[in-house]
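Have a look at the structure below, then the notes.
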Amino acid sequence: MAALTISFIVGVIGNIISILVFLSPITTFRGIVKKKATENFKGIPYICTLLITVNGAGAVLQVIYVTLFIIYAPRDSKIKHLKLAGIVNVGFYGAVLLITLLATHGGLRLTVVGFICAGFTLGMYGAPLGVMVPNAIGFVLGSVQLIMYITYNNISKSKKLSMEKLEEEGVGESTNYVTEKKILSSKKCC
């Protein structure tokens, strides 16, 4: 009895959280409708989310989002997203449905559908990171370059300063100075 109550409560909480996730793009679409343009927003996350929607309210909200996006998208983007919605939400969904019903049985069916849904969910939530990833890689590579520059620039400066110090002390053409000059110049070129 207690397990059934806990299960019911967790199910209700899960549905509430799911509805809140599906409601999160409302401010984005309010701006799209107000400006009558999709601007730099991408429609792919909404089309993919429509594919993996697990409840009726979420499905209705995703259909509204995709419809609004297509209405306010520029002509070329509108055609591209209509084709994508047809391929993904009709073609791909139909293929997955046929394959899972005809080619898999029992637990394997659940596993296959689970992996497909997990992949699309990761894609949906990871899509906004596509803008950040190249910048993060550039940041790491740029940092490595700066560290190398600072490290090797300081070594070069210290060698140059030691040679200038020797010249200031008036060492002249003594054998030690000539030997050190040869050593430093050979290290510079190699």
* Asked: How much accessible surface does L102 have with a 1.4 Å probe, in Å² rounded to 10?
  -> 130
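Dividing the convex hull volume of the Cα atoms of the range 1-131 by its residue count, what figure in Å³ per residue is obtained?
Convex hull volume per residue, Cα atoms: 126 Å³.
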* Just by accessible area at a 1.4 angstrom probe, what is the order of E164, E39 from largest to smallest? -> E39, E164
* Structure fact -> Square roots of five times the C-alpha gyration tensor eigenvalues of the range 23-90, ordered largest first and given in whole Å, equal 18, 16, 8
* Asked: Over the range 1-131, what relative contact order in percent results from Cα pairs under 8 Å that are six or more residues apart?
  -> 27
* Structure fact -> Of Y149, Y65, ordered by accessible area with the largest first and a 1.4 Å probe, the sequence is Y149, Y65
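The values are calculated or read from the model by the stated rules, or taken from the named source; none is laboratory data. A quick note: this is a predicted structure, and the numbers were derived from the prediction, not measured. Accessible surface is based on the protein model in full, side chains and every heavy atom, while ligands, DNA and RNA are left aside. Shrake-Rupley method; radii C 1.70, N 1.55, O 1.52, S 1.80 Å.
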